[in-house]
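Please read the structure below before turning to the comments.
The values are calculated or read from the model by the stated rules, or taken from the named source; none is laboratory data. Since this is a predicted model, take the numbers as computed values, not measurements. Here the Cβ is made from the backbone with ideal geometry for all residues, glycine too, and neighbour counts use every protein chain on show. Surface areas here come from the heavy atoms of the whole protein model, side chains and all, with no ligands, DNA or RNA. Shrake-Rupley method; radii C 1.70, N 1.55, O 1.52, S 1.80 Å.
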Amino acid sequence: MELIENINRLKKEKNAVILAHNYQIPEVQDIADYVGDSLGLSIQASKTTADVIVFCGVYFMAETAKILSPEKTVLIPDKNAGCPMADMITADQLQKLKAEHPKAKVLCYVNTTAEVKAECDICCTSGNADRVVREAFRPEDEIIFAPDQYLAHYISTQTGRDFISWKGYCPTHVKILPEDIAAKRTLYPGAEVLVHPECPASITSIADKVLSTEGMCRYVQASQANEFIIGTEIGILHRLQKENPGKIFHPVSERASCPNMKLTTLEKVLWSLEEMGFEVTVPPDIMRKARKSLQRMIDYK
Ligand code: 13P
Ligand code: SF4
C-alpha cells in the first residue's frame with residue numbers, strides 16, 4: 001500500500017519512531033515500531049535513539065514523551081486527540097486541594113496535563129499504581145490521588161491505603177456496565193473476564209482480573225484459558241487477537257470506544273511526517289518540574 005510505503009520511507013529519512021497506544025485503530029498499531037500501554041510508551045520515549053517521535057495516542061501521552069525526551073521532536077498527528085479525564089483537573093484546582101491538605105503528598109495518574117504533573121510528587125500509570133503506592137510512600141503519609149476516582153478506589157482496595165481522591169473518571173470506561181458483564185458471561189460461560197482499573201467499582205469487583213492494557217496482553221499470553229471477555233477500550237482487541245491467534249476475545253461492550261483514540265489515522269500519520277506537525281511543546285519550568293514526577297514514575301516499572 002502506497003500510504004504505508006510513504007510512511008516507512010519518511011520514517012527512515014527523518015530517523016523517526018512511531019509509538020502507538022493499545023487503543024489505536026488496527027492500521028495504526030500495525031505500522032508502529034512499538035505498541036503498548038502508558039507506562040511502556042513512556043519508557044520507550046525516554047530511551048529512544050530516534051530524532052523524531054510520532055506519538056499515536058492522546059495528547060497527555062505525547063506531552064509525557066516530550067518531557068521525558070526533551071531533545072527530541074515529538075509530533076502528534078491530530079492535536080485534538082485529548083483525554084477528557086486529563087482535563088477534569090487543572091493545576092489551579094490541584095493547588096487548592098493541596099492548600100486544604102498541606103501535609104499530603106500528591107500522586108497523579110499519568111492521565112493529567114503537564115501543568116498538573118508539575119504540581120505533584122510522583123506520577124503513576126494503571127500498570128504501576130499499586131507498586132508506587134506501596135513503595136514510594138511512608139505508612140503515615142496522607143496521599144492525594146488525582147484525577148481518577150475509580151483507579152484510586154481500586155488501588156485503595158489492593159493496598160489498604162485511603163486517598164484524598166479527585167472526582168475524575170474516564171467517560172469511555174464508565175460505559176461498561178455490570179449487566180454487560182452478566183450478559184457476556186451467559187453467552188460465554190467458560191471465558192475469563194479481564195477489566196481495566198479505570199472501570200467503576202461495580203465492574204472491578206465482579207471481574208476475574210483487573211489489569212492495565214499491557215497487563216492484559218501479558219496475562220492472556222501466559223494464561224491456560226482460551227476465551228476472554230475484555231472490559232476496556234475496544235482497540236486492544238486487535239493486539240490481543242494478533243498476538244494470540246488461537247484464543248478467542250469478546251469485548252464486554254462495543255460502546256467502550258474512546259473517540260479521541262480513534263482520531264489518529266494513517267493519512268494523518270503520513271501528514272505528520274511530511275509536515276513535521278503538530279509539534280508538542282512544553283514550557284521549560286513546567287517541563288523541569290513535571291520531569292521529576294515522571295522520572296520517579298518510570299523508576300517503578
Ligand atoms: P493504560 O496505561 O492501561 O494503557 O491505560 C491508559 C488509558 O488511557 C486507559 O484509558
Ligand atoms: Fe482518556 Fe479514557 Fe480515552 Fe483513556 S480511554 S484516553 S482515559 S478518555
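Stretching Asp33 away from Glu13 to a fully extended chain increases their span by 5.7 nm, per 0.36 nm per residue minus the current alpha-carbon distance. Cut-off under 26 Å on the C-alpha distance; same-chain residues fewer than 8 positions from Lys66 excluded. Which lysines are left, in chain and number order? Answer for Lys66, where 26 Å is the Cα cut-off: Lys11, Lys12, Lys14, Lys47, Lys79, Lys105, Lys117, Lys262, Lys268, Lys289, Lys292, Lys301, listed by chain and number. Hydrodynamic estimate: the Kirkwood radius of segment 52-103 over Cα pairs, inserted into Stokes-Einstein at 10 °C and 1.306 mPa s, corresponds to D of 125 µm²/s.
Measuring how big segment 1-115 is from its alpha-carbon positions, Rg and Dmax come out at 16.3, 58 Å.
What a 1.4 Å probe finds exposed on the chain is 51% carbon and sulfur by accessible area, rounded to a whole percent. Its Cα gyration tensor gives segment 94-190 an equivalent ellipsoid; the semi-axes, largest first and in whole Å, are 29, 15, 11. Here, the chain has an Rg and a Dmax of 18.9, 59 Å when only alpha carbons are counted. Taking all protein chains into account, the per residue accessible area for segment 1-114 stands at 39 Å² (1.4 Å probe).
FRET efficiency for Lys301 and Glu2, Cβ-Cβ distance as r, R0 = 51 Å, nearest 0.05?
So, using R0 = 51 Å, E works out to roughly 0.85.
Solvent-accessible area per residue in segment 166-274 equals 42 Å², computed with a 1.4 angstrom probe and all protein chains kept. Remark: the chain carries a charge dipole of roughly 540 debye about the Cα centre, counting +1 on each Lys and Arg Cβ and -1 on each Asp and Glu Cβ. For the chain, Cys56, Cys83, Cys123, Cys124, Cys170, Cys199, Cys217, Cys258 have no disulfide-compatible partner, since no other Cys C-beta lies under 4.7 Å from theirs. Scaling the Cα radius of gyration of segment 157-269 by the globular reference 2.2 N^0.38 Å produces a ratio of 1.11.
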